[in-house]
Amino acid sequence: MYDARLLSGVSVLAAVVETGSFIRAADALGLSDSGVSRAITRLEARLGVRLLDRTTRSLRLTEEGARFHAEAAPLLVQLSDAAMALTEARHTVRGRLRVEVDPFFSRLVLAPRLGAFLGRYPELSLELVTTEVPGDLVAHGFDLAIRFGPPAVAGLITRKLLDTRILTVASPLYLKRHGRPSRPEELKGHHCIHYRDPASNKPFAWEFHRQRKILPVEVTGAVTVTDVGTMLAACVAGLGVAQVMALGSETMITSGALVELFPEWPGETFPLHAYHPSRHQPPARTRALIDFCLQLTANTGSAAVNSVN
């Protein structure tokens, strides 16, 4: 049976041949002289042949030992090279990185800054697959996923990138036509734009958070969307009231295209997470993109997000 002990014995034999003695092989391997001798004896017993002729003054390979060493030594070199390549990959950002990413985050935050990321790592190739509905990360061959929402994926390593505030907004045109609600409860008489969660296929419930208080409000509206960009455009056009992430809408509020209706209810947030397969040591390319996204979210603006360091 070929196992780790056999591989260890072959390594000891190679060290004996290369150094010319059990003593020098023991020094090179960090073993005792008797430990080297036992390893050779076990290897010979496992193979059923004598590999070394040894006396108190000399040793030499037998014919069978010479043949075995000639065939095994190149394999040890290949194993060593493979191990070194893996170690290098652990610390060097290179190769292909396949990422499933939320389209809104990709379009708004990540894509405009990809040049800077790839400029840091010229040996890296990046494939971004944008999707509203999260898939099976491992089954579909992704190295990393970046998704909004609470973590709900078992068996993956999760890293929070940010918490973005949820704002209730409307356009000046809508407010001119329908009036401005002064309290969340007054939204029951307004046209509200629903956003349907692509994962659950259900509209998000409307809630308002202030410190420890959570106020749910039942709202109605004729329009339901599954795309954040469409919801923002419809809201700016005066179609109704919407609940949006501060990330991506803060410039519209600053410019006056949208009005935040209830700034006294600032507590609701929505998270963005990075996921990668449950590996003890993820590749350097995976860690590099996670670190880059953390830098991006930290620089996006404290009014829009609470970045996670």
Cβ-Cβ distance below 9 Å, separation of 6 or more or different chains: which pairs start in segment 14-27 with a residue that is assigned by the TED database to the domain that holds residue 61 and farther than 19 Å from residue 67 by Cβ and end on one that is of a type in the set (Lys, Arg) and at pLDDT 80 or above?
none
Selected residue (only one of 118, 144 is surrounded by 20 or more Cβ atoms within 10 Å (Cβ to Cβ), modelled with pLDDT of 90 or more, assigned by the TED database to the domain that holds residue 270 and not acidic (Asp, Glu)):
144
What is the residue count in segment 181-209 for residues that are under 16 Å from residue 270 (Cβ atoms) and small (Gly, Ala, Ser)?
3
Considering only residues of segment 121-141 that are of a type in the set (Ser, Thr, Tyr) and closer than 24 Å to residue 196 by Cα, which is least open to solvent (accessible area, probe 1.4 Å)?
131
Consider segment 234-257. How many of its residues are more than 22 Å from residue 272 (Cα to Cα) and free of Cβ contacts under 8 Å to residues at least 40 places away in the same chain?
2
Scanning segment 200-237 for residues that are more than 21 Å from residue 165 (Cβ to Cβ) and touching a Pro at 6+ places or on another chain (Cβ under 8 Å) gives 224, 226
For segment 121-138, what are the residues that are at pLDDT 90 or above and not polar (S, T, N, Q)?
121, 122, 123, 124, 126, 127, 128, 129
Hey, does segment 2-12 have a residue that's buried (at least 18 other Cβ atoms within 10 Å of the Cβ), over 42 Å from the mean Cα position of the chain (by Cα) and either over 17 Å from residue 66 (Cβ atoms) or modelled with pLDDT of 80 or more (or both)?
no
Could you pull out every one of the strands (runs of 3 or more DSSP E) wholly within segment 155-255 that has 2 or more residues that are open to solvent by less than 50 Å² (accessible area, probe 1.4 Å) and modelled with pLDDT of 95 or more?
156-170, 191-197, 206-210, 213-217, 242-245
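The values are calculated or read from the model by the stated rules, or taken from the named source; none is laboratory data. Note that the structure is predicted; figures quoted are calculated from it, not measured. Ideal geometry is used to build each Cβ from the backbone, glycine not excepted, and the neighbour counts take in all protein chains shown. These area figures cover heavy atoms from the full protein model, side chains too; ligands, DNA and RNA do not enter into them. Shrake-Rupley method; radii C 1.70, N 1.55, O 1.52, S 1.80 Å.
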